[in-house]
Amino acid sequence: MRKYPVLAALALGVLTSVVYAQDRERREFAMDTSLYGQLDVSAFKSPAVANTRPVFGHEPQSGQSPKAPAYLHVIPGHESKWSATCRLYQACEVPVYFVKEAWFVHVYLPSAGSHDGREQRYREVMRRARDERSALQDYGE
């Protein structure tokens, strides 16, 4: 009989961590939408992309004219569950290519110019995320 309270507590802990992770993703996205979302890649010959074929969050309705593909920089992990996260980027029925993180950091951000502060904001967001992960590891979560 003592097993059930332990199992219930364990299940509650797992559920809490899942909800916390989803909330953290929403906060990161809301924190600075200029870092995540569609990129203007017209100035680049060939951006480095993670997928060779465009991905759809939801299949476009039949009869709709095909839309031009979008190049997106997304929060790490969002591309793997695209049908669930595409609405954050307003790109569910758009063919999407996900740019590689290294290309975004080393090519796109520097070309956007440091005058808009985007590169510095990106580095600050990444620093906070590392600190948060480190703190969670320190507490054994």
Residue in segment 15-39 that is modelled with the lowest pLDDT, counting only those that are within 17 Å of V105 (Cβ to Cβ) and in a loop (DSSP other than H, G, I, E, B): D32
query: In segment 104-121, which residues are touching a residue at least 24 places away in the same chain (Cβ under 8 Å) and surrounded by 19 or more Cβ atoms within 10 Å (Cβ to Cβ)?
result: F104, Y108
message: From the list E93, E101, exactly one residue is free of Cβ contacts under 8 Å to residues at least 60 places away in the same chain, within 21 Å of A129 (Cα to Cα) and not basic (K, R). Which is it?
response: E101
field: Candidate set: segment 49-99, residues that are more than 26 Å from V125 (Cα to Cα) and among the basic types (K, R); chosen: the one farthest from the chain's Cα centre (by Cα)
entry: K67
task: Looking only at segment 61-77, count how many residues are of a type in the set (A, V, I, L, M), surrounded by 11 or more Cβ atoms within 10 Å (Cβ to Cβ) and within 12 Å of Q38 (Cβ to Cβ).
output: 3
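The values are calculated or read from the model by the stated rules, or taken from the named source; none is laboratory data. Please read all numbers here as calculations on a predicted model, not as lab measurements. Cβ sites come from the backbone with ideal geometry, for glycine too, and all protein chains shown count toward neighbours.
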